[in-house]
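Everything on this sheet refers to the single structure shown next.
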Amino acid sequence: PKHCHLNFTVILSVYIISFLIGLPANLLALYAFSVKIRSKPVPTDILLINLTVSDLLFLIILPFKMHEAASKMTWTLPLFMCSITSFTFFATIYTSSLLLMAVSVVRYIAVAFPITYHKLHKPVYGIVTSAVIWLISGMHCSIVVVIEHHPALSNGNSTTCYDNFTEKQLEVLLPVRLEFFIVLFLIPLLVCLYCYLSCIFLLYSRPRISQKQKQKAIGMALGTLAVFLICVMPYNMSHVLGFFQGKSPKWRYYTLLLSTFNTCIDPIIFYFSSSAFHCTSEKSIFRKSVPKLQRQATSSRINGSRNHNYHLKGHIMKNPLL
């Protein structure tokens with residue numbers, strides 16, 4: 001049998017654990033960000049709330065994957081549900097990667113170029129960036145629908161869902177998967193590595209930054225790196241090997257299981273990267289510091305004083321998790 005090498009109990013258990021942990025954690029995150037955005041919307045929180053929505057969409061379709069695993073990887077539901085489930089499953093994985101990349105870029109700009117950051121500190125930038133990311137991941141993952149329903153490619157097999165591909169399907173799918181690896185995984189990973197390593201270096205080069213702030217920055221970097229290396233990299237490596245082998249590796253499905261843990265790790269990143277989890281009241285450090293920072297930035301532009309610029313940068317560096 002096609003799936004005789006799979007342990008269906010393990011697959012089902014992973015799905016259930018991810019669902020039970022990820023759903024309440026992401027619902028809590030959605031509530032926290034909703035409260036914060038209503039009071040003071042900033043680009044980072046808009047990106048993070050989109051990341052939360054992406055995780056929740058993933059969790060919503062997870063029961064269908066549980067049903068598939070319980071049926072020993074035989075798809076007994078309507079075929080259109082297979083396309084919706086597969087499209088959402090893969091699109092949310094890559095949306096998360098791109099959103100994490102966007103968050104890392106915002107953090108880097110905030111630490112390295114604080115004055116520029118506050119000039120661009122408008123919700124519209126977060127909204128536009130999120131919309132572009134959803135569009136990119138959706139367009140890429142539309143290959144799922146093409147493979148399943150295009151008359152020249154569909155194999156008419158309704159017993160499996162997005163698996164057991166024909167030679168004609170693999171000719172189209174394998175090069176596309178390689179492009180996924182480069183554009184939707186490798187580039188975001190390299191950007192995140194550069195941004196967070198640069199942030200950590202800048203923070204540790206300034207003695208006025210507290211150890212607690214430095215640890216938060218490191219925690220945020222490690223959480224993001226964990227998502228890429230644990231949840232996303234194994235699956236994307238199967239794209240590379242599959243391209244050169246000319247087939248889908250048999251162990252590919254187990255790498256997809258690791259992707260489900262993404263929904264459990266993301267809330268950890270939320271904790272380290274947003275003040276929404278530390279204080280959602282008017283006493284938030286961010287809300288207290290923004291007016292003062294804006295006044296200092298205005299003063300700097302008026303008199304062109306370098307001291308004001310340095311003072312402004314110092315205040316932002318004291319709170320790298322803005």
Check: Which length gain, in nm to one decimal place, applies between residue 34 and residue 105 when the Cα-Cα distance is subtracted from 0.36 nm times their residue separation?
Finding: 23.3 nm
Item checked: Whole-angstrom gap from region 198-269 to region 1-77, using each part's C-alpha centre -> 17
Next item on the list: For residue 13 paired with residue 84, estimate the spin-label separation in nm (one decimal), with each label point 7 Å from Cα along the Cα-to-Cβ line.
Entry: 3.1
Check: Can you sort 133, 143 so the residue with the fewest Cβ neighbours within 10 Å comes first?
Finding: 143, 133
Notebook entry, point to check: Can you sort 87, 80 so the residue with the fewest Cβ neighbours within 10 Å comes first?
Noted result: 80, 87
Notebook entry, point to check: Rounded to the nearest 0.05, what FRET efficiency do residue 142 and residue 201 have when you use their Cβ-Cβ distance and R0 = 45 Å?
Noted result: 0.70
Note to self: Once R0 is set to 22 Å, what does the formula 1/(1 + (r/R0)^6) return for the Cβ-Cβ distance between residue 119 and residue 194, expressed as a FRET efficiency to the nearest 0.05?
What the structure shows: 0.50
Next item on the list: Report the semi-axes of the equivalent ellipsoid for region 184-247 in whole Å, largest first, where each axis is √(5λ) for an eigenvalue λ of the Cα gyration tensor.
Entry: 33, 11, 6
Next item on the list: Taking the Cβ of each residue in 75, 251 as the centre, tally the other Cβ atoms inside 10 Å and list the residues starting with the fewest.
Entry: 251, 75
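None of the figures in this text is laboratory data; all of them are computed from the coordinates on show. Remember, predicted model here, so these are calculated numbers, not experimental data. Here the Cβ is made from the backbone with ideal geometry for all residues, glycine too, and neighbour counts use every protein chain on show.
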